[in-house]
Amino acid sequence: MTEPSHTSPLGALAYDAAPESASIAHLAPSYGLFLDGQFTPAGSHAQFASLNPATEETLATVALASASDVDRAVVSARRAYERVWSKTTGAERAKYLFRIARLIQERSRELAVVETLDNGKPIRESRDVDVPLAAAHFFYYAGWADKLEHSGFGPHPRPLGVAGQIIPWNFPLLMAAWKLAPALAAGNTCVLKPAETTPLSALVLAEIFQQAGLPDGVVNIVTGDGTTGAALVDHPGVDKIAFTGSTAVGRMIQERVAGSAKRLTLELGGKGANIVFEDAPIDEVIEGIVDGIFFNQGHVCCAGSRLLVQESVADEVLRRLLRRVDQLRVGDPMDKNTDVGAINSAAQLERIRELAAWGEREGATRYTSACALPDKGYWFAPTVFADVAQSHRIARDEIFGPVLSVLTFRTPDEAVAKANNSKYGLACGVWSEKGSRTLWVAQRLRAGVIWANTYNKFDPTSPFGGVRESGFGREGGRQGLEAYLDV
Amino acid sequence: MSERLDVKKTYKLIINGAFPRSESGRSYPVATAGGDFLANVAQGSRKDVRDAVVAARAAQAKWWGASAYLRGQVLYRWAEMAESRRSELADHVGLAEGLKKKDAQLSVARAIDRIVWYAGWTDKVTQVLGGANPVAGPFFNFSLPVPSGVIGVVAHQESSLEGFVESVAAPICVGNAVVALASEHRPSPAVILTEMTATSDFPGGVLNVVTGVTAELAGHLVAHEDVDGVDLTGAGESSDDLARRAAGSIKRVYRPRPHDEENPLRRLRTFVETSTVWHTIGQ
C-alpha cells in the first residue's frame with residue numbers, strides 16, 4: 001500500500017508513507033509442526049493458510065495438527081521432561097532462557113515484521129511493545145529458574161510435568177513468551193498451540209529454540225484450529241493447561257478438565273472500566289483513553305472499553321476525545337506512522353460490526369472516525385458510543401475491537417458500583433490527581449490489574465490476570481511461577 | 001428426689017448471624033457414631049443456601065473493610081470462645097466421630113490451635129503473598145492478595161470439627177465470607193463452633209452454616225453465580241460433577257491433594273486474587 005490511507009486535516013503537513021519492508025520477515029512458503037526439536041509435517045500432511053489481514057493475501061501455509069499429532073507432541077514433551085529437562089539444573093535452565101531472550105533481541109526486527117504481517121497490528125506496536133516485552137519475559141524468568149525455593153509458595157516447589165498452552169491471536173509472540181518462559185523456568189516441558197490466524201511468530205520462535213540449542217522436545221509447537229486445542233486439553237498425558245482466550249472457551253476448558261488431575265489457569269475476557277475523575281489532567285486522560293481502547297485495534301482482553309467519566313467533565317472529555325480520535329492514523333500496519341492497524345480476521349470484523357450495530361439499535365449515540373479505509377483487508381474505523389446505559393450490550397459484552405462505550409457517574413461510590421457491574425474483572429483505569437481517592441477506588445475495584453493515571457502497561461515483573469469470569473491464575477512476576485509449580 | 005431432666009438443644013442453621021430453622025420447615029434425625037438418636041437437625045434447602053449467599057456477600061465487604069489487626073483479634077476471640085466450651089465440643093466430636101474422650105479432646109485442641117494459627121496470619125498474608133514489583137518505567141507497582149469474595153464450602157464429612165475448621169478458617173482469614181455445608185451426618189460440632197462466632201465480634205454473615213443433605217444442597221451452592229470459589233473437600237464421589245458445575249461462572253475450586261498438610265500455604269493462596277496497581281511517578 002503506497003497510497004496514503006489517511007486524509008489528514010493537516011493537509012500538506014500530513015505524514016508521507018513510511019513502510020517497513022516485508023522482506024525482512026524471511027518467511028518460508030510453508031511450515032511444519034515443531035516436534036521433538038524438528039519441523040515435521042502433520043501426519044495427514046494437511047496445511048492451512050495464514051493470511052495477512054491487511055491485504056487478505058496468504059503469507060504462508062502451516063501444518064494442521066490432528067489429535068495424533070498432538071499426541072506425538074505430548075509424547076515428545078514427556079520424554080524430554082523425564083530424560084533431560086527434569087535432570088537439567090536450574091542454573092542451566094536459566095542459561096537456556098537467557099540465550100532465548102538474547103536471540104529474540106537479535107532477531108527483533110524480523111519478529112516485529114512477522115508479527116505485524118500475520119496479525120495486522122501496527123509495526124510501531126510490534127516493534128516497541130510485543131517483541132521487547134517477549135524478550136524481557138524470557139530474561140526475567142530465566143533468573144527464577146535456579147531460585148525457585150525462594151519463590152515463597154511453601155517448601156519444595158516442584159515442576160508439574162508437561163504443560164499444554166493455548167494462546168490467542170492478539171499478541172501471538174508475547175503470549176507465547178508469557179506461557180513458555182515461566183513454565184520452562186519452573187522445570188516443565190511444553191506443548192504450545194498458537195492461534196489459528198497467527199501461527200507464524202511462534203514458528204520463528206521455534207527456530208530460535210533451535211539456535212539456542214534448547215534440548216529436543218522441551219518445547220513443541222502444534223499449529224492448528226480449535227480441534228487441535230481440544231485434543232491438547234483432553235490429552236491424558238498433559239499435567240497442566242494454561243489458556244488465554246475467550247470466557248466461553250475458558251468455561252468449556254474448565255468443564256473438560258474438571259474431572260482430571262490437570263492443573264488449570266485461565267486468562268479470559270474483560271470489559272475494563274476506565275474511570276475519569278473531574279480533577280484528572282485532561283490532556284493525559286485523552287491519550288490514556290485512546291491507549292486504553294485503540295491500542296492493538298482494541299484486540300486486548302484488558303482494554304479500557306468502558307469509559308466512566310464524572311458528569312462535570314463529561315462533555316469536555318467527549319469533545320476532546322472525538323477530536324483526538326479523528327486524528328488517529330488508520331491503515332497499513334507496516335507503516336511506521338500508523339496508529340490503528342487491521343482487524344485480525346474476517347470473523348472478528350463481523351463480530352465487531354454486529355456488536356456496534358447493537359449499540360445503535362439500543363439507542364447509544366455513535367461517532368465513527370471519518371478516516372479513509374483501505375479497499376482490501378479487514379478494517380474497522382475507531383468508534384465511540386456516547387449515551388450508553390449499563391444494560392446495553394456494548395457496555396456488557398466484550399467487543400474486542402476499536403469500539404469505546406462512554407458512561408458517566410457523579411460520585412466515587414457510583415463509579416465503583418458501575419465499574420464492578422460486570423461479570424468480568426480483568427483491569428480498570430483510574431484517572432485523578434488525588435492519590436487518596438485513587439487508592440480508595442483501587443481498593444474497591446474487583447479487578448486483577450488497576451492502572452492509575454496510565455493504561456495498558458505491561459512488565460514481566462508485574463502479575464497480570466483476572467478475577468471472576470476473567471479467569472484465575474497470574475502471568476508475570478513471582479506470582480506467575482505458581483501456575484507452573486506443584487505447590 | 002427425681003433426677004433433673006436435660007434441657008435439649010435444637011440445632012439450627014446459622015445465616016447472617018441469626019439462627020433460623022430451615023425455611024423449608026424440614027428436619028432430619030442425626031445419630032451418634034454408636035447409632036443412638038442425637039438430635040433433629042434443620043434440613044436446609046436451596047432457598048436457605050441462597051439466603052446464606054446473600055448474607056455472605058453483604059458481610060464480606062464489612063469483613064474485608066476491617067483492619068487486618070482487627071480480623072486477627074476476632075479470629076483469636078473465636079478461639080477463646082471455643083476454649084471455654086472445649087468440653088461441649090469434645091462431647092460432640094466424640095459422639096459424632098465415635099472417638100474416645102481423650103482423642104476427642106485432642107481433636108478439639110488441634111482445631112482451636114488451628115484457629116489461633118490463622119488468627120496470626122491475617123496481618124501477614126499481605127506481606128507474604130504480595131509485594132512491590134520493579135517494573136521498567138516510572139511507576140510504583142505493587143501487588144496485594146485480596147479475597148476472592150464469597151466461598152462455598154462442602155465441609156469434610158468425617159472430620160466434623162477439625163476438617164470444618166481447616167476449610168472455613170483459611171478463606172475467612174484472608175477476608176472472604178463463607179457459606180459452609182456442614183458434615184451431613186456429623187453436623188453438631190460445626191454448628192456449635194459457628195454459634196460462637198456470634199460472641200466473637202464477627203459481622204453477621206461472615207460464616208454461615210447450612211445443615212442438611214449434601215447431595216441436595218451442594219449443586220445449588222457450587223452453581224450459584226454469586227459464589228466466587230468452592231472447596232469440595234467433603235463432596236466425595238460427586239466432586240468431579242460439582243467441579244464441572246463450578247466452571248459455569250469460572251469459580252476457583254479447591255480439591256484436596258495428597259500431602260496438602262505439608263504446605264498449609266496452599267489453603268491461604270487458593271481463595272485470594274492478586275490485585276496489582278500501577279501508579280505513575282512524577283513531579
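Derivation of every value follows stated rules applied to the coordinates shown; laboratory data play no part. Quick caveat, the model's predicted, so the values are computed rather than measured. All Cβ positions, glycine included, derive from the backbone under ideal geometry; neighbour counts span all protein chains shown.
When you scan the stretch A:317-339, do you find a residue that is within 20 Å of A:Arg396 (Cβ to Cβ) and β-branched (Val, Ile, Thr), even just one?
Filtering the stretch A:317-339 down to residues within 20 Å of A:Arg396 (Cβ to Cβ) leaves none.
Checked against the condition, which is being within 20 Å of A:Arg396 (Cβ to Cβ) and β-branched (Val, Ile, Thr), the stretch A:317-339 yields no hits at all.
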Scan (1) surrounded by fewer than 24 Cβ atoms within 10 Å (Cβ to Cβ); (2) in contact with a strand residue (DSSP E or B) (Cβ under 7 Å, 6 or more places away or on another chain); (3) within 7 Å of chain B (Cβ to nearest Cβ) for the single condition A:Val487 breaks and write down its number. (2)
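Residues are listed down the side, and each one gets a yes or a no for (1) facing chain B (nearest Cβ under 8 Å); (2) at positive phi; (3) crowded, with 23+ Cβ neighbours inside 10 Å:
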site	(1), (2), (3)
A:Ala386	no, no, no
A:His392	no, no, no
A:Ile399	no, no, yes
A:Cys428	no, no, yes
A:Ser462	yes, no, yes
Specify which of the listed residues (A:Ile275, A:Ile343) is touching a Cys at 6+ places or on another chain (Cβ under 7 Å) and buried (at least 24 other Cβ atoms within 10 Å of the Cβ). A:Ile275
Determine which single condition A:Tyr378 fails, assuming it passes every other condition in (1) buried (at least 21 other Cβ atoms within 10 Å of the Cβ); (2) within 11 Å of chain B (Cβ to nearest Cβ). (2)
Inside the stretch A:430-451, the number of residues satisfying the requirement of being more than 20 Å from B:Ser148 (Cα to Cα) and more than 8 Å from every other protein chain (Cβ to nearest Cβ) is 7
Test for B:Ser2: is it closer than 23 Å to B:Glu158 by Cβ and either among the small types (Gly, Ala, Ser) or in a loop (DSSP other than H, G, I, E, B) (or both): no
Report, by residue number, each residue of the stretch B:198-209 that is buried (at least 24 other Cβ atoms within 10 Å of the Cβ) and β-branched (Val, Ile, Thr). B:Val206, B:Val209
Of all residues in the stretch A:235-272 being among the small types (Gly, Ala, Ser) and more than 9 Å from every other protein chain (Cβ to nearest Cβ), the one that is surrounded by the most Cβ atoms within 10 Å (Cβ to Cβ): A:Gly272
Here the residues within the stretch A:297-340 that are of a type in the set (S, T, N, Q), surrounded by fewer than 24 Cβ atoms within 10 Å (Cβ to Cβ) and more than 25 Å from A:Ala415 (Cα to Cα) are A:Gln327, A:Asn337
Confirm whether A:Met175 is without any contact (Cβ under 8 Å) to a residue 24 or more places away in the chain and of a type outside the set (Val, Ile, Thr). no
With respect to A:Gly471, determine if the residue is buried (at least 24 other Cβ atoms within 10 Å of the Cβ) and facing another protein chain (nearest Cβ under 7 Å). yes
In the stretch B:133-151, how many residues are within 9 Å of chain A (Cβ to nearest Cβ) and outside any strand (DSSP E or B)? 7
Is one or more of the residues making up the stretch A:477-484 more than 17 Å from A:Asp413 (Cα to Cα), hydrophobic (A, V, I, L, M, F, W, C), more than 8 Å from chain B (Cβ to nearest Cβ) and in a loop (DSSP other than H, G, I, E, B)? no
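I'd like to know if the stretch B:91-107 contains one or more residues that are aliphatic (A, V, I, L, M) and under 30 Å from B:Val128 (Cβ atoms).
yes
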With the checklist (1) surrounded by 24 or more Cβ atoms within 10 Å (Cβ to Cβ); (2) of a type in the set (S, T, N, Q); (3) within 11 Å of chain B (Cβ to nearest Cβ) in hand, flag the one item A:Thr454 doesn't pass. (1)
Of the residues in the stretch B:123-132, those that are within 23 Å of the chain's Cα centre (by Cα) and more than 7 Å from chain A (Cβ to nearest Cβ) number 5
Filtering the stretch A:430-451 down to residues that are charged (D, E, K, R) and more than 22 Å from the chain's Cα centre (by Cα), which residue is surrounded by the most Cβ atoms within 10 Å (Cβ to Cβ)? A:Arg444
Picked from the stretch A:401-426 (must be more than 14 Å from chain B (Cβ to nearest Cβ) and without any contact (Cβ under 8 Å) to a residue 24 or more places away in the chain), the residue farthest from A:Gly298 (Cα to Cα) is A:Thr411
